[in-house]
Amino acid sequence: MTDLFITQPEVNNLPLSTMHGVVIPSRDNLDLVSYLSLPLVSDPNQDGKPEQSSPLVLLVHGGPWARDEFGFNSLAQWLTNRGYSVLQVNFRASTGFGKTFLNAGNKEWAGAMHNNLIDAKEWAVAQGITTDDQVAIMGGSYGGYATLTGLTFTPEAFACGVDIVGPSNLVTLLDSIPPYWESFRQQFYESVGNPTTEEGLALLKARSPITHVDKIVKPLLIGQGANDPRVKQAESDQIVDAMKSRDIPVTYVLYPDEGHGFNKPENNLSFFAVAEVFLGSCLGGRIEPIGDDFSDSSIEIIHGGEFIPGLDEHMATLGNN
């Protein structure tokens with residue numbers, strides 16, 4: 001094979017990790033097409049077979065009607081550079097694998113969809129990629145919900161979690177569907193649960209992390225945009241308030257000029273600088289000092305800065321609260 005051109009020459013000579021496609025069997029015999037990236041420290045020749053185990057980040061995609069794809073992934077490269085293996089799983093309800101696979105996720109938020117993620121974690125442990133007590137869960141939007149689900153429904157399964165704009169309450173999530181999603185409402189009802197019926201409302205409450213917040217025992221970092229029209233700030237506010245009222249540690253990072261995810265480069269850099277310290281304190285990976293990573297960012301630490309080493313001290317040097 002001959003390279004015709006290089007699309008990202010600035011990274012061409014960097015020590016990047018290789019993404020490997022793997023198929024993980026679920027407990028109910030679904031094939032979960034997934035992607036595994038291993039750090040150089042555990043897989044020096046990058047053949048996808050680790051010579052030693054490493055901490056792992058289960059990186060959950062949003063949607064959930066979307067999918068992870070093979071190819072360059074900046075988050076995976078960042079995490080493997082810091083010493084973590086990264087596993088990205090196309091769980092049931094992911095798109096691109098046929099209607100049966102897609103519809104297998106109907107009414108299965110925090111149910112069989114979460115079981116797929118647990119199956120993937122157990123697969124990684126069985127393969128010697130990581131150990132049972134060194135797996136974090138992280139994601140945005142639905143991936144943030146999956147993080148909250150992981151820490152509430154299976155409180156001992158993950159060492160810690162990073163939730164980015166994830167809904168904590170499925171009832172309030174559906175109550176606050178933005179106008180431009182109105183035509184999508186019935187699909188939500190079919191796929192998640194119908195709050196206009198007694199049975200559907202009970203399902204939504206049962207599958208909401210906020211309902212099970214008292215079960216959280218592992219560290220949690222939450223990132224939220226104040227102007228998010230899809231997963232409103234109230235979704236993060238309410239679970240943080242519930243955790244505070246129960247004296248459960250949580251760190252809450254808010255961006256007043258962001259929406260559904262962090263689009264400004266300065267805000268992205270600042271959040272992942274915080275996440276890097278958080279993951280390092282949880283899993284022991286490499287940490288680059290924050291330095292000027294907060295420059296020109298609107299970052300606000302609403303609660304729990306003291307739970308991440310050096311964060312409050314760094315914010316104090318900027319004159320922020």
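The values are calculated or read from the model by the stated rules, or taken from the named source; none is laboratory data. Owing to the predicted nature of the structure, the values given are computational and were not obtained by experimental measurement. As a convention, Cβ positions derive from the backbone with ideal geometry for all residues, glycine included, and neighbour counts pool all protein chains shown. Ligands, DNA and RNA are excluded from the accessible area calculation, which covers all protein heavy atoms including side chains. Shrake-Rupley method; radii C 1.70, N 1.55, O 1.52, S 1.80 Å.
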### Summary
Of the residues in the range 67-85, those that are in a loop (DSSP other than H, G, I, E, B) and either of a type in the set (Ser, Thr, Tyr) or without any contact (Cβ under 8 Å) to a residue 60 or more places away in the chain (or both) number 7
### Query
Does Asn263 satisfy the criteria of being surrounded by 15 or more Cβ atoms within 10 Å (Cβ to Cβ), free of Cβ contacts under 8 Å to residues at least 24 places away in the same chain and out of contact with any Lys or Arg (no Cβ under 8 Å at 6 or more places or on another chain)?
no
### Summary
Exactly one of Gly128, Gly150 is open to solvent by 20 Å² or more (accessible area, probe 1.4 Å), out of contact with any Lys or Arg (no Cβ under 7 Å at 6 or more places or on another chain), modelled with pLDDT of 95 or more and of a type in the set (Gly, Ala, Ser), and that one is Gly128
### Single unsatisfied condition, Phe72 versus (1) modelled with pLDDT of 95 or more; (2) over 17 Å from Val33 (Cβ atoms)
(1)
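Taking the range 86-107 as the search range and keeping residues that are of a type in the set (A, V, I, L, M) and not in a loop (DSSP other than H, G, I, E, B), which one is farthest from His61 (Cα to Cα)?
Leu102
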### Query
Going by the conditions given, is Arg92 buried (at least 22 other Cβ atoms within 10 Å of the Cβ), basic (Lys, Arg) and either out of contact with any Lys or Arg (no Cβ under 8 Å at 6 or more places or on another chain) or modelled with pLDDT under 95 (or both)?
yes
### Query
Looking at (1) touching a Lys or Arg at 6+ places or on another chain (Cβ under 9 Å); (2) closer than 22 Å to Val57 by Cα; (3) among the aromatic types (Phe, Trp, Tyr), can you tell me which one Phe278 breaks?
(1)
### Query
Can you name the residue in the range 153-190 that is surrounded by fewer than 22 Cβ atoms within 10 Å (Cβ to Cβ) and among the aromatic types (Phe, Trp, Tyr) and is also farthest from Asn268 (Cα to Cα) among such residues?
Tyr189
